Amino acid sequence: MTKEAIPNLSEFNDSALDKAFSTLEKQARDDAAALGSPEAVEAFRLEWLGRKQGRLNDVSARWLKSAPPDAKKALGQRFNALKAVVEKLLEDAADAGGSWNDTALAAEAIDITLPGTRRLTGAEHPITRTLNEITSVFAALGYSVGVGPEVETDFYNFECMNFPPGHPARDTQDTLVIANQDRRSQHDRLLLRTHTSPVQMRTMESQPPPVRIVIPGKVHRNDAQDATHSPIFHQVEGLCVDRNITFSDLKGTLDHAMKALFGSSVKTRFFPSFFPFTEPSADVQISCIFCGGKGCRKCKQSGWIELLGCGMVDPAVFAFAAEKQPAYDPKKISGFAFGMGVERIAMMKYGISEIGQLYAGDMRFSNQFA
Ligand SMILES: [Zn+2]
């Protein structure tokens, strides 16, 4: 399309005007002949008839206004004639464009009976889903969620949880330590937390009792990968501290939580156990969710599945908390703590046989939970 600016006119006699207008008319006809789409027709309209930058508007501004009075009439007649030509060209082009438009519509027609494009919306990973389910059971009991760092000090991970340096219980949690810390005291040496228990101490140090928290989180141990072990896994731990908290409260809380998670027919039973940070300590078994307690391959014919560790908070743990919050006086308060492995529960709930599948990122596996 021609883009030359409208020239200024120096002469206004008839032959000069005829020449100037016939040049414009030829341009308009050439432009109109090249129109091939509704967009081009609209561009032609703007180019010639646009109110602000149209060429005819330009002609009016440059020629009509600067013409000597005796030439205005002749110029005005030619201007109106040109305008009529452009309008006719536009009309013809729009009519021709109409049929082009129908063809374009037919070509772009969509079959609304075809299935649509499926959008992937994403879904929670089974570990995240299980973490959230466990957390929400305790949230309904008034527990809040506690979080803490995954890189911890030896003090928070072990010492304040009543694993003194050199204590044999440390050997039960094969620990990944951060390198090059020889200059630090053992108290401050950094490691990847082996359990979410450090958050118990961090919470007690930051608030006086009562405390009711669940601590969902990732933990690390130097374990070789096999069907049920992974060097990275998840725990949900809980802590309840107040006046007059007893082992009955612990039993009632966990019995309720297991029924909420696995169904109201699930039974629980408690066995003596040992953890450095609780005294007395117990392992909790639930009646087998696969056979209902009759005995099957999953429960090794026993009818029971071991799922949790728990116990009454050891007074030695409260003594560490009392260094910053004196209200944790074991003579005045008591509490219980419990912990469970999230992968184990997710694997039971969803029938997953290899823990590695949870981390492999294989979409054939992950898509089953979408
Ligand atoms: Zn069973």
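Among the conditions (1) buried (at least 18 other Cβ atoms within 10 Å of the Cβ); (2) in a loop (DSSP other than H, G, I, E, B), residue 227 misses just one, which is (1). The selection criterion, being closer than 20 Å to residue 248 by Cα and away from the ligand (no atom under 16 Å from the Cβ), holds for residue 338. The listed residues are 251, 259, and the only one of them that is without any contact (Cβ under 8 Å) to a residue 60 or more places away in the chain, assigned to a helix (DSSP H, G or I) and out of contact with any strand residue (DSSP E or B) (no Cβ under 7 Å at 6 or more places or on another chain) turns out to be 259. Within the stretch 299-335, being within 16 Å of the ligand (Cβ to nearest atom) and in a loop (DSSP other than H, G, I, E, B) holds for 299, 300, 301, 302, 303.
Residue-wise test of (1) of a type outside the set (Ser, Thr, Tyr); (2) more than 30 Å from the chain's Cα centre (by Cα).
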{"position": "234", "(1), (2)": "yes, no"}
{"position": "243", "(1), (2)": "yes, yes"}
{"position": "248", "(1), (2)": "no, yes"}
{"position": "274", "(1), (2)": "yes, yes"}
{"position": "293", "(1), (2)": "yes, yes"}
{"position": "297", "(1), (2)": "yes, yes"}
{"position": "300", "(1), (2)": "yes, yes"}
{"position": "309", "(1), (2)": "yes, yes"}
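Among residues of the stretch 297-316 that are closer than 30 Å to residue 163 by Cβ and in contact (Cβ under 8 Å) with a residue 12 or more places away in the chain, those with a beta-carbon under 7 Å from a residue that is open to solvent by less than 60 Å² (accessible area, probe 1.4 Å) and within 8 Å of the ligand (Cβ to nearest atom) at least six positions away or on a different chain give the pairs 304/288; 305/288; 305/299. Go over the candidates 146, 142 one by one and state the one that is open to solvent by less than 20 Å² (accessible area, probe 1.4 Å) and closer than 17 Å to residue 338 by Cα. Matching residue, one of 146, 142: 146. Applying the set (1) open to solvent by 50 Å² or more (accessible area, probe 1.4 Å); (2) part of a helix (DSSP H, G or I); (3) not β-branched (Val, Ile, Thr) to residue 116 leaves exactly one unmet item: (2). Within the stretch 260-292, being surrounded by fewer than 18 Cβ atoms within 10 Å (Cβ to Cβ) and within 12 Å of the ligand (Cβ to nearest atom) holds for 290, 291, 292.
Do the conditions hold for residue 87, that is, is it in contact (Cβ under 8 Å) with a residue 24 or more places away in the chain, surrounded by 10 or more Cβ atoms within 10 Å (Cβ to Cβ), outside any helix (DSSP H, G or I) and not polar (S, T, N, Q)? No: the conditions fail for residue 87.
With the requirement that a residue be among the aliphatic types (A, V, I, L, M) and without any contact (Cβ under 8 Å) to a residue 40 or more places away in the chain, what does the stretch 141-181 give you? If the condition is that a residue be among the aliphatic types (A, V, I, L, M) and without any contact (Cβ under 8 Å) to a residue 40 or more places away in the chain, then 177, 178, 179 are the ones that fit.
The condition (being part of a helix (DSSP H, G or I), within 16 Å of the ligand (Cβ to nearest atom) and not aliphatic (A, V, I, L, M)) is satisfied by just one residue among 344, 364: 344.
Among residues of the stretch 9-29 that are outside any helix (DSSP H, G or I), those with a beta-carbon under 7 Å from a residue that is surrounded by 17 or more Cβ atoms within 10 Å (Cβ to Cβ) at least six positions away or on a different chain give the pairs 9/20; 9/63; 12/67; 12/71; 12/75.
Within the stretch 19-41, the residues that satisfy the criterion of being more than 15 Å from residue 86 (Cα to Cα) and either open to solvent by 80 Å² or more (accessible area, probe 1.4 Å) or within 60 Å of the chain's Cα centre (by Cα) (or both) are 19, 36, 37, 38, 39. Against the numbered list (1) part of a strand (DSSP E or B); (2) of a type in the set (A, V, I, L, M, F, W, C); (3) touching a Phe, Trp or Tyr at 6+ places or on another chain (Cβ under 9 Å), residue 215 comes up short only at (3).
The values are calculated or read from the model by the stated rules, or taken from the named source; none is laboratory data. Remember, predicted model here, so these are calculated numbers, not experimental data. Methodologically, a virtual Cβ is constructed for each residue, glycine included, from the backbone with ideal geometry; neighbour enumeration extends over all protein chains shown. Each accessible area value is taken on the protein alone, full model and side chains, heavy atoms only, with ligands, DNA and RNA left out. Shrake-Rupley method; radii C 1.70, N 1.55, O 1.52, S 1.80 Å.
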